[in-house]
Every structure is written in C-alpha cells, then in structure tokens.
1. Test each condition in (1) assigned to a loop (DSSP other than H, G, I, E, B); (2) among the charged types (D, E, K, R); (3) touching a strand residue (DSSP E or B) at 6+ places or on another chain (Cβ under 7 Å) for ARG341 and report the one that comes out false.
2. Just to confirm my filter: which strands (runs of 3 or more DSSP E) fall fully inside the range 88-148 and include at least 1 residues that are over 20 Å from THR362 (Cα atoms) and not aliphatic (A, V, I, L, M)?
3. State whether the residues of the range 47-54 include one that is surrounded by 16 or more Cβ atoms within 10 Å (Cβ to Cβ), touching a helix residue (DSSP H, G or I) at 6+ places or on another chain (Cβ under 8 Å) and not in a helix (DSSP H, G or I).
4. Would you confirm whether any residue within the range 178-191 is modelled with pLDDT of 95 or more and in contact with a helix residue (DSSP H, G or I) (Cβ under 6 Å, 6 or more places away or on another chain)?
5. Would you mind stating whether LEU264 is of a type in the set (A, V, I, L, M) and modelled with pLDDT of 95 or more?
6. In the range 217-272, how many are out of contact with any helix residue (DSSP H, G or I) (no Cβ under 8 Å at 6 or more places or on another chain) and hydroxyl-bearing (Ser, Thr, Tyr)?
7. Suppose we keep only residues that are outside any strand (DSSP E or B) and of a type in the set (Asp, Glu) within the range 55-86. Which one would you say is nearest to ILE175 (Cα to Cα)?
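The values are calculated or read from the model by the stated rules, or taken from the named source; none is laboratory data. None of the values given here were measured: they were computed from a predicted structure. Note that we place each Cβ from the backbone using ideal geometry, even for glycine, and neighbour counts take in every protein chain shown.
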Amino acid sequence: MPRVLVNMPTQFGGRPSGVALVAFRVIAGLLDRGAFAVVLRSPWTRDQLPNEIRDRIEVVTVPRPRVMLFDVMRQALAVPKLCRALNIDLVLNADPYGAAFGGRARVSVVHDLYFRTMPGRSRSREALTTDPIFRFVLANSARVITVSDSTKTDLCRFYPFVRDRTQTVHSAAMIDPDAADPSPELPAGPYVLAVGNAMYNKNFSTLARAVAALGRPEIGIVHVGEDPDEAIATALDGAPVQLTRLSRIGEGRLASLYRNALCLCVPSFSEGFCLPVLEAQALGCPVVCSDRSATPEIAGAGALTFDPDDAGALAACLRRLLDEPGLRGALIARGHDNARRYDWAETARRYEALMLDALRDTARDRATQEVPHAHPAP
C-alpha cells in the first residue's frame, strides 16, 4: 500500500483552521477508501487530533515555523530525509508552504491567493516571500489541487506553468447537520450572522453599514470569530444595532445560530472557498453573499448576491429577505439542493485519483529516463 506524508507545518497545533479541517477530512476519507497509509507531519500532537483519525495514522509533530521562507528551504532537505526513513511514496502538501522535494512525487493544495488578489493589503514581507515560496513548491509538484474554480483561475493567471497539472477539488460542509445545542443562547430578536475572523478580505464593515442603513433596530448582528480591531463596531458608528460577539463556540451552538438566523452574510472581497456558505445551506439558513471570487461559485443558486463595495446593495438584499413573502423559504430550499452537490467522500475519491496519477506519472518518467535509447525488439 502506498504511504503518503500529509505535510502541514504552517498550522497552529490544536487550533482548527480551515486548512487543518480540510486536511483532516481528506485524511479520514483516504483512510476509509483504503488505498493509502497516512503519516501526518504538523504541529498537532496525536491527542489534539480529531477522533476520526487519531489512532489510524502515524504522527510526526514539528514546531510551527516562525519564518515561512526559511522553513520551506529547510523542508527541502528535512522532508526527503524523513520520507526515506518512513518509506514515504508521496508528499501531500496541505498548502504551498511545504516541501518541494521528498517521496516519489508531490501534490500541493492551494486554498487562496490573497497575497496576489489583494496585494495592497499584504504585509511587505509576506508579499515578498510568498511568491518565491509558491513558485518553488508548485514547480516541484506533480499535481496541484485548488479548492475552487475561482482559485484555479487566479492561480493559472499568476503561475501559468501549473495550468496543465492543476485541478479543482471542492470541499464540503464541515458541520454535522444533526448538531444541536439543547439550550442555545440566542439573541432576543432577528439577526444577521457573520462567521469568520474579521480580516480585511471578510469586509464585515460593509455588513455593519448595511444593517445600520436598514433603519430597523430590531435586526441585530451576531459575529462568530475574532475582531481585534473592532471593525464591525467601528463601522456601526453608534447606530442602534445590537452586536453580539462570540468566538470559540461549540458546533452545537453554531448550528443553532445558523438555523435561527435571518441569513448568513458573506460580504467578502475575496474567498478561496468559504465553508460557512455550505454550512449555512446545509442547516437551512439563507445565504446573502458577495458576487466576487469563489462565493457565487460555491453558493450556486442558493444565495442572493451583491457588490461587496456597495453597502446599499447589501441592504437591499436584506430588505428583500424581510419583506418578500416566500423568498426566505425559496433560498433555503435552493440552498439545501446546492449543499448536496458537495460531498467529502467524493472529495477523498478525487484526491486519491490525483495522487495515484502523480505516482504513475513519476514512475513512467523514471522508466523513460533509465532507458533513454530503448528500441522495440525486432
């Protein structure tokens, strides 16, 4: 059985980011399919891993690097050595901040290109170092996986040399559709739900201005995530809108918030995939989202879309949800249909196929190199 090293050094151990959660679901799916044995190299310890994979894989725990560029250079030496010691056939980089060498082939996953699609908002060191990292790792990857067609388009525009070996493999909703909190603490009145840390690309300030412009003080905002700069509160600018801040809540409580929200709002300027869209749709929560980047692709017909630069356009969508009979129910029904298009079992099947293709291509290339002047027997 081939052995794959899932390489994920950039994530914080015990803190489940989107990259880590996708990697864990892919690992579980690969194990269920039975075609690969899995070794995980990351800052996560065995005890921190999800139950679904904890006792089914080998674990190599490494410290999270402080400087990504230096670590990628170090991995170019360290990961091949590890692969030889553990008899690794293929390296699956959970993102491009990984290993350019090691195993018989590499497959790398690209979740987003914010440093390219929003260059003015990248820190100077990040902007300078991320590009050479991507070029180095992707150039030495037999296959590249993008999480959406939007991300694939961006990747092939900036790195055209990967076009012929890049394929989109969608993720799926993370949250258990049966998850529930028996006694959820919910806001007193109707609310718009926002999920995610308030980074620039999330554009939550536009959401705040749109809700304030509604002139309906009974409509509040519930934000699940971190907002250290108080972007939402600052944009409200004293408007009489109830703002509820939550973070690090359990799956059951989050599911209850989805089910009881007026809608999930995703006003992002840029998204690589956006899992909350599918979570909301799977749990019967209408989606109102930006018409840019990956959000309209992932939301499908189950969302109202708007220009994220236009708070008035978002406010108009919210008014439609409040005032048009039947619209909310129609969005819920279309959202359920859309969410069913995404399935983790299919995601794992696609990963497995691409990984096996990468190994076959590498074997074929090596055979050709070993017998460069071979001729058919007479």
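1. (3)
2. Details: elements: 90-93, 105-110, 143-146.
Correct list: 143-146.
3. yes
4. no
5. Numbers: of a type in the set (A, V, I, L, M): yes; modelled with pLDDT of 95 or more: yes.
Considered against the rule, which asks whether it is of a type in the set (A, V, I, L, M) and modelled with pLDDT of 95 or more, LEU264 comes out as yes.
6. Number satisfying all stated conditions: 3.
7. Here is the first cut: in the range 55-86, the residues outside any strand (DSSP E or B) are 55-57, 62-86.
Imposing the further condition that a residue be of a type in the set (Asp, Glu) reduces the set to 55, 71.
Values: ASP55: 22, ASP71: 33 Å.
Ranking the qualifying residues of the range 55-86, first place goes to ASP55.
Listed here are the residues, each with its yes/no results for (1) free of Cβ contacts under 8 Å to residues at least 12 places away in the same chain; (2) under 21 Å from the mean Cα position of the chain (by Cα); (3) over 13 Å from LEU207 (Cα atoms).
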{"residue": "PHE273", "(1), (2), (3)": "no, yes, yes"}
{"residue": "ALA280", "(1), (2), (3)": "no, yes, yes"}
{"residue": "LEU283", "(1), (2), (3)": "no, yes, yes"}
{"residue": "ALA303", "(1), (2), (3)": "no, yes, yes"}
{"residue": "ASP307", "(1), (2), (3)": "no, no, no"}
{"residue": "PRO325", "(1), (2), (3)": "yes, no, yes"}
{"residue": "LEU331", "(1), (2), (3)": "no, no, yes"}
{"residue": "ASP343", "(1), (2), (3)": "no, yes, yes"}
